[in-house]
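> Mind having a look at this structure? Questions to follow.
The values are calculated or read from the model by the stated rules, or taken from the named source; none is laboratory data. Just so it is clear, the model here is predicted, and its values are computed rather than measured. Cβ sites come from the backbone with ideal geometry, for glycine too, and all protein chains shown count toward neighbours. Protein only, heavy atoms only, side chains kept; ligands, DNA and RNA dropped before computing areas. Shrake-Rupley method; radii C 1.70, N 1.55, O 1.52, S 1.80 Å.
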Amino acid sequence: MEEKKKPEQRRRGRDGVVQCPHLFFTALALALVVADPFRLGPLAGVDYRPVRHELAPYAEVMGSWPRDEESRLRRGRLEFVGEVFGPESIEFDGEGRGPYAGLADGRVVRWMGEETRWETFAVMSPDWSEEVCANGVNSTTRKQHDKEEFCGRPLGLRFHRESGELYVADAYHGLMVVGRSGGVATSLATEAGGSPIRFANDLDIHRNGSVFFTDTSMRYSRKDHLNILLEGEGTGRLLRYDTDTGAVHVVLKGLVFPNGVQISEDQQFLLFSETTNCRIMKYWLEGPRTGELEVFAHLPGFPDNVRSNGKGQFWVAIDCCRTPAQELFATRPWLRAAFLKIPMTLTTLTRRAATRMHTVLALLDGEGDVVEVLEDRGREVMKLVSEVREVGRKLWIGTVAHNHIATVPYPLD
């Protein structure tokens, strides 16, 4: 009897594998993806630490967000094409000259009119050289990444209205200042709270002279900014530089990709964007709620800089739009980790999880309510916008990744 049972048992075990080979190979493939032993995933070699982060419900935000059905940003035009490289922030001085723009090659340039056109107003490094840093349209590509720390990468720009000095948030060199005549920028702050400033991003100046600025991450520099988004990591800070003492104070920490900064006209509060969380935050500077932090507005996409229009309203540059998959990944870091170990390029994976991004410009009132929405749904004119400035019946629109400045007549008729 025993001799008869053994072949039967062997046959049953063998048949189990033969009958369900797809289950076996699926399980094997899944195990290989999760473990990624051959380091084929797009983040192989990166100390990737995904975390759970806050995100307002997709249906709630997208269901109430007004849309620009006419896609009116198509009326805009691209200017200075191939003359400015990644003009992330745009500024005008107290005498109305400009625009000034911070470029990917480490310069701040100033528009001098049709005859002279652009001139170099400032450089971020005393060692800046045209041979190393001035790479034209390649400045906004990966070819520049290894040079950014040496050449500088000016992001947020603000003029001090009384002194005429230009304050700069340089991604690698921290908080900088440039005199009225331009030249080499002077370093003001490279560390805060005993830690280096790894990714200075944007700034604004209080009427008392204090400079508030964001340090986007304590883990990653600008060239690895996509890792900050993919991790959902919250090591960003809001900092304050005291112009009287030179001290740098940590105002807020544990922020999730803090980005654009704008102080209200009455100086009562400060707004800053949290790009990963698709929202604008409000920090009270004065009054009975001083020191309190609250959500100002939930957005349909990823915000960059915030700028006042001087009328108690705020323009926000947004890369739109969020997807339900993003909400799923935000609350399940383990799923993000497994997804990003699939042996495909990062571009391919993100396209599968995200929608095709397009430009949205949103004008918000002092309570965070939407006043105006402008879109370019077909990406016909604008994409990857970083800032909106309303100056002289025109919107000036910057971009961190392309080689032009976009303009739109405003108000639109």
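> Looking for whichever is without any contact (Cβ under 8 Å) to a residue 60 or more places away in the chain, buried (at least 19 other Cβ atoms within 10 Å of the Cβ), in contact with a strand residue (DSSP E or B) (Cβ under 9 Å, 6 or more places away or on another chain) and over 24 Å from LEU374 (Cα atoms) here; the options are THR243, THR275, THR235. Which one fits?
THR235
> Next question. With the checklist (1) over 17 Å from the mean Cα position of the chain (by Cα); (2) in contact (Cβ under 8 Å) with a residue 12 or more places away in the chain in hand, flag the one item PHE302 doesn't pass.
Result: PHE302 fails condition (1) only.
> Within the stretch 378-389, can you find the residues that are open to solvent by less than 40 Å² (accessible area, probe 1.4 Å) and within 21 Å of ALA297 (Cα to Cα)?
If the condition is that a residue be open to solvent by less than 40 Å² (accessible area, probe 1.4 Å) and within 21 Å of ALA297 (Cα to Cα), then VAL385, SER386, GLU387, VAL388, ARG389 are the ones that fit.
> If I ask for residues that are open to solvent by 10 Å² or more (accessible area, probe 1.4 Å) and either of a type outside the set (A, V, I, L, M) or in contact (Cβ under 8 Å) with a residue 40 or more places away in the chain (or both), which ones from the stretch 104-120 would you list?
Once the filter is applied, which keeps residues that are open to solvent by 10 Å² or more (accessible area, probe 1.4 Å) and either of a type outside the set (A, V, I, L, M) or in contact (Cβ under 8 Å) with a residue 40 or more places away in the chain (or both), the stretch 104-120 yields ARG107, ARG110, TRP111, GLY113, GLU114, GLU115, THR116, ARG117, TRP118, GLU119, THR120.
> Now a separate question. Suppose we filter GLU367, GLU375 for residues that are open to solvent by 30 Å² or more (accessible area, probe 1.4 Å) and among the charged types (D, E, K, R); which single one remains?
After ruling out the rest, the residue left standing is GLU367.
> Among the residues of the stretch 320-332, what is the count of those that are open to solvent by 30 Å² or more (accessible area, probe 1.4 Å) and touching a residue at least 40 places away in the same chain (Cβ under 8 Å)?
5
> Taking the stretch 140-168 as the region of interest, how many residues are within 15 Å of LYS223 (Cβ to Cβ), without any contact (Cβ under 8 Å) to a residue 60 or more places away in the chain and surrounded by 16 or more Cβ atoms within 10 Å (Cβ to Cβ)?
Matching residues across the stretch 140-168 total 4.
> Can you tell me which residues in the stretch 187-230 are touching a Phe, Trp or Tyr at 6+ places or on another chain (Cβ under 6 Å), touching a residue at least 60 places away in the same chain (Cβ under 8 Å) and among the small types (Gly, Ala, Ser)?
SER221
> Go through the residues of the stretch 332-351 one by one and say whether even a single one is more than 29 Å from LYS282 (Cβ to Cβ), within 20 Å of the chain's Cα centre (by Cα) and among the hydroxyl-bearing types (Ser, Thr, Tyr).
yes
> Can you tell me which residue is least open to solvent (accessible area, probe 1.4 Å) among those in the stretch 70-94 that are out of contact with any Gly (no Cβ under 8 Å at 6 or more places or on another chain), of a type in the set (Asp, Glu) and within 19 Å of PHE121 (Cβ to Cβ)?
Applying the filter and picking the extreme gives GLU79.
> Another question about this same structure. Here are some conditions: (1) surrounded by 24 or more Cβ atoms within 10 Å (Cβ to Cβ); (2) out of contact with any His (no Cβ under 8 Å at 6 or more places or on another chain). TYR172 meets all but one. Which one does it not meet?
(1)
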